[in-house]
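**Student:** Please find one structure pasted underneath; my questions will follow.
The values are calculated or read from the model by the stated rules, or taken from the named source; none is laboratory data. Nothing here was measured: the structure is a model prediction, and the numbers come from that model. For neighbour counting, all protein chains shown are included, and Cβ atoms are generated from backbone atoms with ideal geometry for every residue, glycine included.
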Amino acid sequence: MVTDAGPRHRVAAVPWLFAGAAVLAQITWILVPAGDRELVTSAVVLLFTAASLSHAWQQFGAGWAVRFAVVSAVFGLAIELLGHTTDIPFGPYDYTDSLQPQILGVPVIVPLAWAMMAYPCLLLARFVTTRWVVPMAAVGLTTWDFFLDPQMVAEGYWVWERTAPALPGIPGIPLQNYLGWFLGSLLLMWAVNRLPRQQVNLGVPLLLYGWMWIGGIVANAVFLDRPSVALVGGIGMAALGVPALVTWWRR
């Protein structure tokens, strides 16, 4: 019997289209003059989130994708509200008015950023191990912030009131921020890892994580004049990226 596989292939292509659009948007971000990147920043987050959630919908089903989106985005909003009102767990910081719209002073795209990156980190960690999924995924999510925070602070999206002690190679961002990220990431990954697991196509998650990793190195080393951030962030994200690539290659 001959069947028309066209619609199925078109549906399968949706996460790839969103992922490709997110990559192009990030390239555009580099080319836009500093200080004028708010709209492109929001576009990157929205496209990246769409890539992650459409892949989750395709691979796991609607129920899994909706639960993941709600848990991760609500968690991201809650921890950011806690952070910028109490200074716990990240340290004292304040959002500016640059990124709009906001919920109680937190830009809407910030909790979406937690969700968008938590997804590839979770899937790659599940692919690499069954016993250490939560800490491995938390390391992947935390080390991504080695790239994210310096970029967003330089754009004026949020301001740190205290910047010392800092992580070596990443000046201007307090070390407490990354400790807070790791603790928060552990809690988030514990929650989303309770969702059912199954074998999935890892092409899109590998592309998303790999682009943030390699793209972050290139952007900071070549375009943003932050070679030390490129080095520290590149080594940090390799903790999850290298085992995932090696395992994928072997299988």
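**Student:** What's the total number of residues in segment 75-99 that are in a loop (DSSP other than H, G, I, E, B) and touching a residue at least 24 places away in the same chain (Cβ under 8 Å)? Steps first, please.
**Tutor:** First, pick out the residues of segment 75-99 that are in a loop (DSSP other than H, G, I, E, B): 87-92, 96-99.
Narrowing further to those that are touching a residue at least 24 places away in the same chain (Cβ under 8 Å): 88-92, 96, 98-99.
Residues flagged as in a loop (DSSP other than H, G, I, E, B) and touching a residue at least 24 places away in the same chain (Cβ under 8 Å) within segment 75-99 amount to 8.
**Student:** State all residues of segment 38-50 that are crowded, with 21+ Cβ neighbours inside 10 Å, in contact (Cβ under 8 Å) with a residue 60 or more places away in the chain and not hydroxyl-bearing (Ser, Thr, Tyr); if no residue qualifies, say none.
**Tutor:** Result: VAL45, PHE48.
**Student:** Of everything in segment 51-90, what is within 15 Å of GLN198 (Cα to Cα), of a type in the set (Gly, Ala, Ser) and surrounded by 15 or more Cβ atoms within 10 Å (Cβ to Cβ)? Give them in sequence order.
**Tutor:** Residues of segment 51-90 within 15 Å of GLN198 (Cα to Cα): 55-65, 68.
When the remaining residues are screened for being of a type in the set (Gly, Ala, Ser), the result is 56, 61-63, 65.
ALA56, ALA65, listed by residue number.
**Student:** Same structure again: If MET212 meets every condition in (1) touching a strand residue (DSSP E or B) at 6+ places or on another chain (Cβ under 8 Å); (2) modelled with pLDDT of 95 or more; (3) crowded, with 17+ Cβ neighbours inside 10 Å; (4) not acidic (Asp, Glu) apart from one, which number is that one?
**Tutor:** (1)
**Student:** Between ALA221, ALA191, which is part of a helix (DSSP H, G or I), in contact (Cβ under 8 Å) with a residue 12 or more places away in the chain and surrounded by fewer than 23 Cβ atoms within 10 Å (Cβ to Cβ)?
**Tutor:** Numbers: ALA221 fails: in contact (Cβ under 8 Å) with a residue 12 or more places away in the chain.
Among ALA221, ALA191, only ALA191 is part of a helix (DSSP H, G or I), in contact (Cβ under 8 Å) with a residue 12 or more places away in the chain and surrounded by fewer than 23 Cβ atoms within 10 Å (Cβ to Cβ).
**Student:** Identify, please: which residue in segment 194-205 is assigned to a helix (DSSP H, G or I) and over 30 Å from PRO89 (Cβ atoms) and is, among those, nearest to the chain's Cα centre (by Cα)?
**Tutor:** Keep residues of segment 194-205 that are assigned to a helix (DSSP H, G or I), which gives 203-205.
Those left that are additionally over 30 Å from PRO89 (Cβ atoms): 203-204.
Details: GLY203: 16, VAL204: 14 Å.
So, considering only residues that are assigned to a helix (DSSP H, G or I) and over 30 Å from PRO89 (Cβ atoms), the one nearest to the chain's Cα centre (by Cα) is VAL204.
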